[in-house]
Structure formats: structure tokens, C-alpha cells
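Accompanying notes for the structure given below.
The values are calculated or read from the model by the stated rules, or taken from the named source; none is laboratory data. Just so it is clear, the structure is predicted and the values come from calculations on it, not from any experiment. Reconstructed Cβ throughout: ideal geometry from the backbone, glycine too, with neighbour counts over all protein chains shown.
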Amino acid sequence: MSDQIFEQRRKGSVAHTDPLFSSFAHISHLDPHGAESFRRQAELATAFVARHISDRSCRGLKMYEPAELLEQARSWMNLSHGTEDTEAMLESVLRLYADTGIPVSSPTSMGRQFSAVVPLAAIIDFVSSAFSQPSTFYEAAQLPNVAERLMKEVLAERIGWSAKNCGMVTISGGSLANLTAILAARNVKIPTSWQRGVGGGDALGRPAIAVSAACHYSVSRAAGILGIGADQIVELPTNRCEQIDNSAAETTLEQARREGLHVFCMVASAGTTNVGAIDDIAGLAAIAKKHDIWLHVDGAHGASLLLSEVHRSKLRGIEHVDSITWDAHKMLFMPAACSMLFYKNPSHANMAFHQDASYVFEADGRYTAFSSGERNLECTKRPMIMPLWICWSLYGQSLFSEAIDHALEMAAAAFAILQYPKSNFVPINEPEANILCFRYHPPGLPESQLSDLQLRIWDTIRSDGKFFISKVKIQGSYALRVVFMNRDIRPCHFESLLQEIQRIGNQLSAGQ
Ligand SMILES: Cc1ncc(COP(=O)(O)O)c(C=O)c1O
């Protein structure tokens with residue numbers, strides 16, 4: 001092969017003309033690394049995705065048998081490379097990829113805490129993949145690191161903090177943000193723990209964290225990972241609305257101290273996973289201060305309410321906490337994962353980890369001030385702030401606040417619908433956020449069969465493929481769970497879901 005052909009092929013701008021490649025030149029003639037491949041495949045994918053997201057029809061999730069899906073996926077791996085029509089194959093893969101996912105653009109998709117993403121955010125995410133700028137170090141991702149600083153400043157103001165005098169890192173998911181916050185809390189409150197570990201306890205007792213049973217599972221998992229141990233999780237009592245009962249919490253903390261535990265961190269929720277409950281953060285902040293406990297707020301779901309003028313007061317007191325988890329891939333409609341971990345005290349952001357790694361860490365403060373390598377677990381992380389920063393810059397806060405307000409309005413409307421006279425639906429929670437749980441209780445059905453009926457209704461709904469909802473166990477008994485995320489969802493969609501539940505529920509309970 002001549003140098004000229006070698007170079008042309010390397011640039012990906014021409015089809016193979018070298019006889020060496022003639023066997024597959026007729027079909028797969030473009031260099032997979034080249035710009036022309038990128039352009040053609042991107043055009044195909046863009047047209048496909050545009051069609052996909054414009055489909056707002058009412059539909060649920062299609063569940064495939066894993067074995068069937070495995071076979072189909074395997075068949076694509078067994079192709080003889082270079083002899084297939086790559087564009088046709090790409091289109092088939094995209095079709096199956098879309099078909100096997102939760103139909104987030106559909107107004108009858110109400111099952112999970114994520115939704116269709118802002119289209120511009122998806123485009124920037126795609127561009128980020130192509131640019132390949134892992135953003136842990138300033139050197140590798142200069143604009144993302146500057147954007148991270150700017151997003152910290154605007155969002156800190158919404159928290160009620162000084163824009164400049166606080167800390168924030170982007171991080172791959174709310175679970176990792178919760179883990180990192182508790183690690184920072186441990187290192188700040190038990191300064192010897194990074195070096196010596198926590199096995200021997202500390203002067204104040206056995207290290208412990210205080211959380212409610214309504215907390216996301218990532219919080220109790222963190223206790224295991226960080227060497228605190230599940231036995232050292234102090235459970236804070238909750239009220240009927242799944243909020244921490246503050247006065248009972250004080251008693252529990254005092255009792256824990258008497259038992260030789262040193263509770264160094266308490267976790268409150270701004271939007272619990274099950275029902276979207278928001279703890280009384282102001283009250284808990286006062287308790288944390290009194291007992292010298294780090295207060296972390298898991299706002300993975302609900303911190304976004306800070307952007308809504310209507311709902312931000314539900315997070316009253318959040319300005320007094322030490323750290324906050326905030327997921328943009330939930331209520332800010334960004335591609336996953338995009339989580340942010342905020343610290344009130346900027347120096348605490350540097351307390352979670354202590355390492356030297358001369359191959360990446362730099363002594364020059366000009367750059368390290370913008371790098372998050374020393375402040376997050378990941379060595380490589382996506383420039384996840386870019387979609388959020390660009391959407392914020394182009395469209396402003398109202399892009400988010402309007403969608404949040406709509407979601408919460410829908411949850412309130414749905415709650416009202418459940419209470420229509422003679423309805424056989426029993427709401428479990430009056431939504432503070434956009435999550436609503438309820439049960440269908442046909443007349444005459446014994447309480448003992450209620451949980452099982454909800455599970456079977458949920459299962460039938462999922463297999464029927466018209467709606468997508470979730471289920472959750474509340475106080476030991478199953479309930480149906482809906483999360484209002486979609487911009488197109490209206491009360492009529494929820495009403496038709498209830499009709500469907502009623503139809504299925506009656507059929508199932510008649511056969512019981
Ligand atoms: C309240 C809460 N915290 C944390 C998480 C975990 O977030 P992620 O899925 O981004 O790890 C979730 C996920 O649903 C959540 O609802």
C-alpha cells in the first residue's frame with residue numbers, strides 16, 4: 001500500500017481503493033476511525049433519535065426475554081467483520097436499543113425518577129464522547145472544569161450559600177456522592193480515621209451515622225464501605241409521612257451516645273426514593289449543630305426544587321447543612337450520570353481523599369484549583385457538567401423550574417384524583433415532590449391480600465405494555481408508585497392509568 005493511500009485511509013476521507021481492501025470495499029469501505037464514518041453514522045443516529053423522541057404516543061415498557069435478547073445481541077457479535085452493511089446493522093441496533101428501553105418520551109411512562117432529557121443536553125453529551133475530555137483534571141478538560149466552577153456558583157446561590165465560598169464536585173451518581181460526603185464527614189469529625197482507620201473507634205466512641213429507614217440504600221451501603229459497620233447505623237424514627245421525627249431523633253441520638261456511639265454524621269433526605277418525602281431540614285440542622293454532627297442532605301431527587309419559586313421553601317434550612325447531593329439526571333432532565341456534591345465549607349471538599357499521584361496532580365495552584373482529581377473518587381470521569389452548563393446558559397433557570405413545577409402540579413392533581421368520591425384507591429402519601437404511592441382496594445378484599453394484589457397489578461401492567469409504573473414496599477406492604485417527570489403528562493393520562501388498574505384489579509381479585 002502506498003503512503004498516499006495509507007494516509008488517505010487514515011484520515012478516513014476516502015473509500016478503499018487499494019486492492020488489498022477490495023474484498024470489503026464494496027460494503028464497509030470507510031475507516032471506522034475516520035471523519036467520514038463519523039459523519040454518516042452520526043447522521044443516521046441523529047435521524048433515528050429525532051424520530052424516537054418525537055414519538056409521544058402512550059405506551060409502556062416492552063419486556064424481552066433475556067435469553068431472546070441475548071441471542072439477538074450475540075448474532076451481531078458473530079458477524080464476519082468488514083463484510084456486513086454497517087449502516088444497516090447500526091440502524092437495527094438502534095431500533096432494538098430504543099425498543100428495549102423505558103419509553104421516557106411517553107406521557108404514560110411514570111415509573112422512574114428519570115425522564116426524557118433536554119435534547120440539547122443529549123447532543124452535548126454526544127459531543128463530549130467524541131471530544132474525549134475526561135474532566136477530573138484541568139489539563140484534559142479545561143472548559144468543563146471552568147463550567148463546573150460556574151455551575152457551582154449559580155447553584156450555591158440557590159442553596160443560600162456564598163457563590164465563591166463553598167465547594168462542589170461533579171460525581172458519577174448520587175450513590176457515590178452520598179458515599180463521598182459521609183467519607184468527608186468521617187475524616188473531618190474523626191481526623192485520625194484516614195490514617196489509622198476506624199477499627200479502634202475514637203475518643204468519643206464507636207463511629208456511627210444516623211439515618212432514617214426512608215433513606216436511599218446507598219447511605220447504609222456507605223456505612224459498610226467506610227468501615228463504620230451496619231451495626232453502627234443509628235436508625236432515626238420517622239413519622240407517617242416518612243419524614244424524620246425530629247424530637248424522637250434527639251432522644252435517639254442521646255441514647256446512642258449513652259451506648260458508646262459517636263454519631264459523626266446524620267443524613268436527611270430532600271425527596272426520599274419511595275414517596276419523595278422531605279425532612280424538616282431546618283430543625284435537623286439545629287439538632288446537628290447542638291450535637292456537633294455533620295449534616296448531609298441527600299437531595300439527589302429533591303434538591304432541584306431549589307430552582308422553583310413555588311416549591312423551594314420546602315427545603316427551608318438547607319443553607320445550614322454541611323453537604324448536599326444533587327442529581328441533575330433526575331429532576332434537571334440531564335443525561336445520566338450527572339451528580340453534584342456540594343460542601344458548605346470549601347476546605348471540606350478536600351477532606352474526603354488524601355493522595356499523592358505525581359503523574360496527574362500538579363503543584364501549580366492555578367490549575368489544581370480547577371481540577372477535581374483530589375476531591376473525587378474517579379480518576380477518569382465524564383465532563384458531565386457540560387450538558388447542564390450549556391442548557392443553563394442558553395435557556396436559563398426557567399427551563400428547569402417550569403418542568404419541575406409541572407411535575408409537582410401533576411402529582412398534586414393525581415393525589416386529588418385518587419380521592420374522588422367512591423374511588424377505591426387509597427393514597428399512601430400526599431406528595432411533597434412528584435412521587436405518589438397508592439393502593440387499589442376493591443370492596444370486600446381482605447387487608448391480608450392487599451399487598452399481593454398491588455404486586456400482581458403492577459406485574460400485569462408491565463406485561464401489558466400500555467403504562468409504565470413502579471411498585472414499592474411501604475411498611476411491609478406493596479404499593480403502586482408513580483413518578484411524574486414527563487412534560488407531556490396530563491391528569492387524563494393518570495385517569496386512564498387508574499381505569500386500567502381498576503380493570504386489572506377487579507379481574508385479579510375476582511379470580512383470587
Ligand atoms: C434519594 C436518592 N438518593 C440517592 C439515589 C442514588 O442516586 P444514583 O442513582 O444517581 O446513584 C437515589 C436514586 O434513585 C435516590 O432516589
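Each row is one residue, and each column tells you yes or no for (1) of a type in the set (Ser, Thr, Tyr); (2) in contact with a strand residue (DSSP E or B) (Cβ under 7 Å, 6 or more places away or on another chain).
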{"residue": "Leu79", "(1), (2)": "no, no"}
{"residue": "Val93", "(1), (2)": "no, no"}
{"residue": "Tyr97", "(1), (2)": "yes, no"}
{"residue": "Val104", "(1), (2)": "no, no"}
{"residue": "Pro107", "(1), (2)": "no, no"}
{"residue": "Arg112", "(1), (2)": "no, yes"}
{"residue": "Ala140", "(1), (2)": "no, no"}
{"residue": "Gly167", "(1), (2)": "no, yes"}
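The condition of being closer than 22 Å to Cys215 by Cβ and of a type in the set (A, V, I, L, M, F, W, C) does not hold for Val426. Scanning segment 102-120 for residues that are away from the ligand (no atom under 16 Å from the Cβ) and among the aliphatic types (A, V, I, L, M), we see that the one that is surrounded by the most Cβ atoms within 10 Å (Cβ to Cβ) is Val118. Pairs linking a residue in segment 197-219 that is under 17 Å from Leu261 (Cβ atoms) and hydroxyl-bearing (Ser, Thr, Tyr) to a residue that is more than 16 Å from the ligand (Cβ to nearest atom) and assigned to a loop (DSSP other than H, G, I, E, B), with Cβ atoms under 9 Å and 6 or more positions apart or on different chains, are Ser212/Pro237; Ser212/Asp245. Counting residues in segment 158-169 that are in contact with a Leu (Cβ under 7 Å, 6 or more places away or on another chain), more than 20 Å from Leu315 (Cβ to Cβ), away from the ligand (no atom under 15 Å from the Cβ) and in a helix (DSSP H, G or I) gives zero. For segment 455-472, the set of residues classified as over 15 Å from Arg112 (Cα atoms) and free of Cβ contacts under 8 Å to residues at least 24 places away in the same chain consists of Leu455, Asp459, listed by residue number. Of the helices (runs of 4 or more DSSP H) lying entirely inside segment 375-471, those containing at least 1 residues that are over 27 Å from the mean Cα position of the chain (by Cα) are 398-418, 450-464. Scoring Gly444 on the criteria (1) at pLDDT 95 or above; (2) exposed (fewer than 13 other Cβ atoms within 10 Å of the Cβ); (3) not polar (S, T, N, Q) leaves a single failure, condition (1). The sole residue among Glu319, Glu309 that is assigned to a helix (DSSP H, G or I), more than 16 Å from the ligand (Cβ to nearest atom) and among the charged types (D, E, K, R) is Glu319. The numbered conditions (1) surrounded by fewer than 18 Cβ atoms within 10 Å (Cβ to Cβ); (2) touching an Asp or Glu at 6+ places or on another chain (Cβ under 8 Å) are all true for Trp294 except (1).
Would you please name the residue that is farthest from Tyr343 (Cα to Cα), looking only at residues in segment 184-236 that are part of a helix (DSSP H, G or I), within 16 Å of the ligand (Cβ to nearest atom) and β-branched (Val, Ile, Thr)? Among those that are part of a helix (DSSP H, G or I), within 16 Å of the ligand (Cβ to nearest atom) and β-branched (Val, Ile, Thr), it is Ile225. Considering only residues of segment 484-512 that are of a type in the set (S, T, N, Q) and not in a helix (DSSP H, G or I), which is surrounded by the fewest Cβ atoms within 10 Å (Cβ to Cβ)? That would be Gln512. Do we find that Arg95 is surrounded by fewer than 13 Cβ atoms within 10 Å (Cβ to Cβ) and either at pLDDT 95 or above or assigned to a loop (DSSP other than H, G, I, E, B) (or both) in this structure? In short, yes.
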